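Student: Just dropping this structure here.
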Amino acid sequence: MAVTVFETGDIEVEFECPVDPDDLLFPNVYVGLEIDLLSPGDGVVTDRHHASADRYEADDPMNQIGGQISPFTLSGWLRHGCEAVLQEAGATACHPGEPNADYMRAETYERDLESGYHEKGACTDAHDAGCVVYDLFGGFGDQPGKLLRRPVSFSPIRRQVDVLDGEAEAHYRQLSSQVRSRNDEDGGQPLRQADRDVLGNVEGTWKLTLREVKPEFVGLLVEAVSFLDQHSHEFAFQVGGARNFGAGMADAWVVNPLYSEDEVRRVFNRAQDATQAMERKDEIWRSECRNAFVRALQARTAARDGDLPMPAQGGDGS
Ligand SMILES: [Zn+2]
């Protein structure tokens with residue numbers, strides 16, 4: 001088993017992990033997801049050629065389609081949550097776009113820079129690692145992010161889903177919608193047909209891996225995922241497309257990093273409830289651990305933005 005060592009070089013407060021770091025799931029972070037309807041903006045990669053929607057029969061094994069949800073859709077959603085957490089704290093985040101890009105709407109980009117964003121990479125002038133969003137998600141070509149974001153593999157068959165591998169149960173459909181003529185004389189003939197890939201009842205994990213385990217990264221991820229969960233019905237924080245149709249409203253949480261791998265599996269096993277040991281770990285995470293990571297985030301943010309308060313040394317921050 002790998003030994004976890006926290007990298008604390010970018011924060012100026014003492015970071016003490018209240019539990020043995022080797023008892024934590026890091027460098028992996030599991031984001032639990034429950035999404036009734038998901039329409040990934042860039043489509044779904046399925047593992048076979050499949051029947052068209054009108055020939056679909058749910059009990060035909062040939063139609064039990066698995067595949068992958070693209071990490072781009074999920075990454076953009078998570079990044080947006082991270083930006084919002086920094087902005088709520090009074091700091092700015094890296095703009096996701098390159099500063100020299102040819103924007104369709106230059107004035108809109110300028111407005112972004114006046115409301116909670118700085119030019120991508122501008123934060124590296126003062127501090128090599130840049131802001132925490134830059135550090136986590138990566139900067140320009142040669143500057144990889146410290147967060148590995150995988151696709152989520154899905155299957156409609158629950159026993160084939162391994163949540164420790166970042167997999168989910170989900171049911172794929174290709175939906176066709178038609179725009180029909182409104183003119184009586186034309187008898188409502190179809191004018192246009194559009195196909196859309198959707199997944200129903202997504203339930204499982206998105207597995208993230210930190211290439212460097214900095215405590216402020218953990219703090220940002222737990223805060224961002226909780227923000228996204230609380231704002232899941234807002235257009236801006238839904239994930240993927242078809243948002244006006246209720247797609248992409250995600251119940252999301254970071255699976256307790258204190259859990260063992262068996263306990264992570266148990267969370268998603270409908271036949272089993274949480275054990276007392278898991279409930280005890282939930283209490284320890286809530287009361288002793290989570291805040292230590294969030295304080296590290298506050299310290300990193302304050303170090304870059306001198307107007308923000310540094311968390312009190314040794315305080316519990318509550
Ligand atoms: Zn930045």
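The values are calculated or read from the model by the stated rules, or taken from the named source; none is laboratory data. Computed from a predicted model, the values in this text were never measured in an experiment. Because the Cβ atoms are built from the backbone with ideal geometry, glycine has one as well, and the counts that use them run over all protein chains shown.
Student: Return the only residue of Val267, Val294 being touching a residue at least 60 places away in the same chain (Cβ under 8 Å), under 17 Å from Phe26 (Cβ atoms) and of a type in the set (Val, Ile, Thr).
Tutor: Exactly one of Val267, Val294 is touching a residue at least 60 places away in the same chain (Cβ under 8 Å), under 17 Å from Phe26 (Cβ atoms) and of a type in the set (Val, Ile, Thr), namely Val294.
Student: Return the total of residues in the stretch 162-202 being at pLDDT below 95 and more than 21 Å from Trp77 (Cβ to Cβ).
Tutor: Matching residues across the stretch 162-202 total 23.
Student: Would a scan of the stretch 276-288 turn up a residue that is under 24 Å from Leu74 (Cα atoms), assigned to a helix (DSSP H, G or I) and in contact (Cβ under 8 Å) with a residue 12 or more places away in the chain?
Tutor: no
Student: Which residue, of Gly121, Gly166, Gly139, is within 12 Å of the ligand (Cβ to nearest atom), surrounded by 15 or more Cβ atoms within 10 Å (Cβ to Cβ) and on the phi > 0 side of the Ramachandran plot?
Tutor: None of the other options fit; the residue is Gly121.
Student: Moving to a separate point now. Any residue at all in the stretch 168-190 that's touching a Phe, Trp or Tyr at 6+ places or on another chain (Cβ under 8 Å), closer than 30 Å to Val31 by Cα, of a type outside the set (Gly, Ala, Ser) and not in a strand (DSSP E or B)?
Tutor: no
Student: Could you look through the stretch 124-135, keep only residues that are loosely packed, with under 15 Cβ neighbours inside 10 Å and not small (Gly, Ala, Ser), and pick out the one that is nearest to Thr301 (Cα to Cα)?
Tutor: His127
Student: Give me a count of the residues in the stretch 226-245 that are in a helix (DSSP H, G or I) and either surrounded by 24 or more Cβ atoms within 10 Å (Cβ to Cβ) or among the basic types (Lys, Arg) (or both).
Tutor: 2
Student: Of the conditions (1) assigned to a helix (DSSP H, G or I); (2) over 18 Å from Phe26 (Cα atoms); (3) of a type in the set (Val, Ile, Thr), Val198 fails just one. Which one is it?
Tutor: That leaves (1) as the condition not met.
Student: Could I ask something else about it? Which one of these is surrounded by fewer than 20 Cβ atoms within 10 Å (Cβ to Cβ), of a type in the set (Gly, Ala, Ser) and either part of a strand (DSSP E or B) or away from the ligand (no atom under 16 Å from the Cβ) (or both): Gly97, Gly90, Gly76?
Tutor: Gly76
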